[in-house]
Amino acid sequence: MGTTKNQGGSSGTPQGAERPLWSFPADGNSDWGDPTEIPAWAHSVAASAAPPPEDAPGPPEAKPAFGERSGYAGRSSARTAKRGAAGANSWGGGRSSQAGSKRTSARTPRTREKRPADAAEPVELSDEQYATKGRAILLRQLTASAKSRAQLKTKLLEKEIPERIAEEILDRFEEIQLVDDEAFAEGWVRSRARSRGLARGAIKRELREKGVDDETAQQALEQIDDTDEEERARELVRTKLRPESMGADRDRALRRLVGMLARKGYGGSMAFRIAREEWEVRFGEQY
């Protein structure tokens, strides 16, 4: 096949490179010269030996871009076939045309269908199964700390134990003395009076919140008399009066002490009397 020296032009071929004669346009639509003049190379032997346009080879096969997968023998996919079809009909290959179509077309958000959850009906337990489950719940609760019957019943109902079965389980636990509101109330009174220094009125309110009836609570509170309650109040005041700063302002110190005793359930008159007496013992000689 004949070649000629390229004079350079719009095709971007470097000047002086060998170029096949068939690659020059026949209609003169370029910057290589006047289209009315027949170039000298057209009369050469090489020009007459150039193949007809229909036999001219097509554009070079596009190489896959970096990161692009290409099909291989033994396996094909719709994505590979789509790229191949685009590459056969475009000069620049399939990937560039696809990229252009993606940029110009609206992007459809991908959504995932949520499968409906199985609408299976809950398994209904037998009375014996509910009773076994309820006994396990009570044992775990009582192992953690002592609780009243009302507290345990609330926990059983929260765990979807039928009320009838919950009452039967609690009655059985009372028979074997694992549930005893009287013992619970007595232990609660001793603990709160000793650890927190609460007065009888505050402890009674706590027992009522835990479902203990007033009669049982009053019996438990009999273990604390007026003398014990006053002595506990004095101990609280002495602890607060240890810092020297409490003696600088008597009225301010008394207000703080009375407020502290009131929050723990002590009456106002007794709280003020004890606060004043203990302040005089602690700071009377200094101020």
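For the stretch 225-287, the orientation-averaged shadow of the C-alpha convex hull comes to 3.9 nm² (one quarter of the hull surface).
Determine the alpha carbon to alpha carbon distance for each of Lys153/Lys210; Lys159/Lys204; Lys240/Lys264; Lys204/Lys264; Lys133/Lys155; Lys155/Lys264 and list only those over 19 Å. Check vs 19 Å cut-off fails for Lys159/Lys204; Lys155/Lys264. Note on the stretch 225-287: dipole from Cβ charges, positive end direction compared against Leu236, Phe272, Met260; the farthest Cα belongs to Met260.
Note on the stretch 257-287 and the stretch 154-222: Cα centroid distance 33 Å, given to the nearest whole angstrom. Within the stretch 229-287, the GluC sites (Glu not before Pro) that combine a DSSP coil assignment with at most 13 other C-beta atoms in a 10 angstrom radius are Glu285.
Which GluC sites (Glu not before Pro) from the stretch 126-183 combine a DSSP loop assignment with at most 14 other Cβ atoms within 10 Å? All intermediate terms of the calculation are to be shown ahead of the outcome.
On the way: sites: Glu128, Glu158, Glu160, Glu163, Glu167, Glu168, Glu174, Glu175, Glu182; in loops: Glu160.
Passing both the DSSP loop test and the Cβ count: Glu160.
None of the figures in this text is laboratory data; all of them are computed from the coordinates on show. These numbers were taken from a predicted model, which means no experiment stands behind them. All Cβ positions, even for glycine, are placed from backbone atoms using ideal geometry, and neighbour counts span all protein chains on display.
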